[in-house]
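*Asks:* One structure coming up, written as structure tokens, with questions to follow.
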Amino acid sequence: MPTLSPAAPLAAEPCADGEQVCDLVYDWSGSERFADWADVLIGTPLAILGLILLGLVLRWVLHRIVQRIARRAEKGVLPERLDAAAVARRAQRAETVAGIFQSVITIIVIAVVTTMILSEVGVNIAPIIASAGIIGIALGFGAQSLVRDFLSGLFIFIEDQYGVGDVVDLGEAIGSVEAVTLRMTRLRDVNGTVWFVPNGQILRVGNQSKNWSRAVVDVGVGYGEDLARVQRVLREVAHDMWEDEDYKGVIIEEPEVTGVEMLAADSVTIRVLVKTAPLQQWGVARTLRQRIKARFDHEGIEIPFAQRVVWHRDDRRAAGEQGGPDNGAATDAG
């Protein structure tokens with residue numbers, strides 16, 4: 001009866017799973033050493049090149065998606081009667097927001113592709129991923145204010161709360177915006193002081209120049225004036241300014257005289273409202289006041305001013321030398 005010889009041990013595979021170049025070269029040459037070198041010199045570079053190409057294609061596709069969404073959002077929120085400045089502002093905002101998301105996408109794609117390349121060359125990426133998680137948690141606790149600033153800045157861009165050139169009231173600081181980043185807003189006040197305001201500390205925003213502005217001119221007249229006549233004169237002055245060629249495009253609606261605004265101690269206040277282009281309200285208000293003053297002088301309409309009585313009391317010694325009692329003189333100073 002023949003005896004069965006023990007089975008010979010199976011030969012170890014020269015190539016690890018997934019090393020296709022190594023398998024192909026080993027099947028072709030039969031040399032394990034040659035297959036290993038071929039995998040190092042050909043397989044790994046090809047894998048790295050493929051990962052880089054994949055990252056570039058993925059980045060391009062995601063950027064195109066973001067651009068398309070930004071264009072749709074820009075067209076979807078534009079009303080039909082917006083002027084060219086508003087259209088340009090919306091286009092700039094959409095481009096800025098798209099740029100922010102594209103930068104975030106680029107950073108994420110680079111991080112993922114770099115990690116995969118390190119894994120391909122044999123680096124153990126488990127400690128790297130663990131370290132990244134720990135660093136992220138540490139940054140989350142240690143840089144909460146920075147994260148809050150970035151998130152607030154992102155919403156400022158998305159919601160178009162203000163932009164460069166706008167005049168805003170941020171609570172502690174009021175002025176013209178010179179720069180807006182994800183972390184902070186820089187603005188300059190009327191005195192020339194530059195304020196740096198972290199976006200996370202902005203609790204409210206008052207934008208004085210978004211889309212359009214309004215000049216509010218309060219005019220005080222005497223109690224003895226005919227208010228109907230005064231309002232008619234104000235309407236004529238405002239209408240003449242509305243039709244002035246120098247203010248075409250600056251004053252965007254017919255000015256309005258709202259009537260009596262206040263009964264003060266020495267005057268009756270009448271308000272004039274003028275809707276203007278952004279940042280033009282102050283110049284329009286100054287010119288309108290100047291024209292109102294000239295017209296009131298021509299019409300003989302009184303613009304009252306505060307008046308008071310001043311008493312000049314003589315020196316007691318001078319009064320004694322004259323032999324008269326201590327007396328005083330009253331002067332009406334206007």
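*Asks:* How many of the residues making up segment 199-213 are buried (at least 16 other Cβ atoms within 10 Å of the Cβ) and more than 16 Å from ASP160 (Cβ to Cβ)?
*Replies:* Qualifying residue count, segment 199-213: 2.
*Asks:* If you don't mind, there's one more thing I want to ask. Answer yes if at least one residue in segment 141-149 is assigned to a loop (DSSP other than H, G, I, E, B) and buried (at least 16 other Cβ atoms within 10 Å of the Cβ), and no otherwise.
*Replies:* no
*Asks:* Modelled with pLDDT under 90 and surrounded by fewer than 16 Cβ atoms within 10 Å (Cβ to Cβ): which single residue out of GLY171, GLY153, GLY163 fits that description? Steps first, please.
*Replies:* On the way: GLY153 fails: surrounded by fewer than 16 Cβ atoms within 10 Å (Cβ to Cβ); GLY163 fails: surrounded by fewer than 16 Cβ atoms within 10 Å (Cβ to Cβ).
Sole residue among the options that is modelled with pLDDT under 90 and surrounded by fewer than 16 Cβ atoms within 10 Å (Cβ to Cβ): GLY171.
*Asks:* In addition: Which residue, of ILE292, ILE270, is part of a helix (DSSP H, G or I) and modelled with pLDDT of 90 or more? Spell out the reasoning first.
*Replies:* Details: ILE270 fails: part of a helix (DSSP H, G or I).
From the options ILE292, ILE270, the qualifying one is ILE292.
*Asks:* Next question, about the same structure. Among (1) surrounded by 15 or more Cβ atoms within 10 Å (Cβ to Cβ); (2) under 28 Å from ALA47 (Cα atoms), which single condition is GLY133 missing?
*Replies:* (1)
*Asks:* Hey, among the residues in segment 41-77 that are surrounded by 14 or more Cβ atoms within 10 Å (Cβ to Cβ) and modelled with pLDDT under 70, which one's farthest from VAL104 (Cα to Cα)?
*Replies:* Once the filter is applied, the top-ranked residue is ILE42.
*Asks:* Here is a check on your reading of the model: is VAL197 more than 19 Å from GLN290 (Cα to Cα), β-branched (Val, Ile, Thr) and either in a loop (DSSP other than H, G, I, E, B) or at pLDDT 90 or above (or both)? Before you say what the answer is, go through the steps one by one.
*Replies:* On the way: more than 19 Å from GLN290 (Cα to Cα): yes; β-branched (Val, Ile, Thr): yes; either in a loop (DSSP other than H, G, I, E, B) or at pLDDT 90 or above (or both): yes.
Against the criterion (more than 19 Å from GLN290 (Cα to Cα), β-branched (Val, Ile, Thr) and either in a loop (DSSP other than H, G, I, E, B) or at pLDDT 90 or above (or both)), VAL197 qualifies.
Yes or no, residue by residue, for (1) among the aromatic types (Phe, Trp, Tyr); (2) part of a strand (DSSP E or B); (3) under 30 Å from VAL257 (Cβ atoms):
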residue	(1), (2), (3)
SER152	no, no, no
PHE155	yes, no, no
GLN161	no, no, no
GLU172	no, no, no
LEU182	no, no, no
ASN191	no, no, no
ASP218	no, yes, yes
GLU225	no, no, yes
VAL230	no, no, yes
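*Asks:* May I pose another question? Mind listing whichever residues of segment 200-216 are assigned to a loop (DSSP other than H, G, I, E, B) and either closer than 22 Å to LEU279 by Cβ or among the hydroxyl-bearing types (Ser, Thr, Tyr) (or both)? Let's see the steps before the verdict.
*Replies:* To start, the set of residues in segment 200-216 that are assigned to a loop (DSSP other than H, G, I, E, B) comprises 202-205, 208-212.
Result: ILE202, ARG204, VAL205, GLN208, SER209, LYS210, ASN211, TRP212.
*Asks:* Out of all the residues in segment 228-235, is one or more of a type in the set (A, V, I, L, M, F, W, C), surrounded by fewer than 12 Cβ atoms within 10 Å (Cβ to Cβ) and either more than 27 Å from ARG93 (Cα to Cα) or out of contact with any Pro (no Cβ under 6 Å at 6 or more places or on another chain) (or both)?
*Replies:* Of all residues in segment 228-235, those of a type in the set (A, V, I, L, M, F, W, C) come to 228, 230, 233-234.
Remaining after also requiring surrounded by fewer than 12 Cβ atoms within 10 Å (Cβ to Cβ): 228.
With either more than 27 Å from ARG93 (Cα to Cα) or out of contact with any Pro (no Cβ under 6 Å at 6 or more places or on another chain) (or both) added as a condition, the list becomes 228.
Yes, there is a match, as at least one residue in segment 228-235 is of a type in the set (A, V, I, L, M, F, W, C), surrounded by fewer than 12 Cβ atoms within 10 Å (Cβ to Cβ) and either more than 27 Å from ARG93 (Cα to Cα) or out of contact with any Pro (no Cβ under 6 Å at 6 or more places or on another chain) (or both).
*Asks:* With within 25 Å of GLY300 (Cβ to Cβ) and in contact with a helix residue (DSSP H, G or I) (Cβ under 8 Å, 6 or more places away or on another chain) as the only criterion, which of MET241, MET262 stands out? Walk me through it before giving the result.
*Replies:* Working: MET262 fails: in contact with a helix residue (DSSP H, G or I) (Cβ under 8 Å, 6 or more places away or on another chain).
It is MET241.
The values are calculated or read from the model by the stated rules, or taken from the named source; none is laboratory data. As the structure is a prediction and not an experimental result, all values here were calculated from the model. No Cβ is skipped: glycine too gets one built from the backbone with ideal geometry, and neighbour counts run over all protein chains shown.
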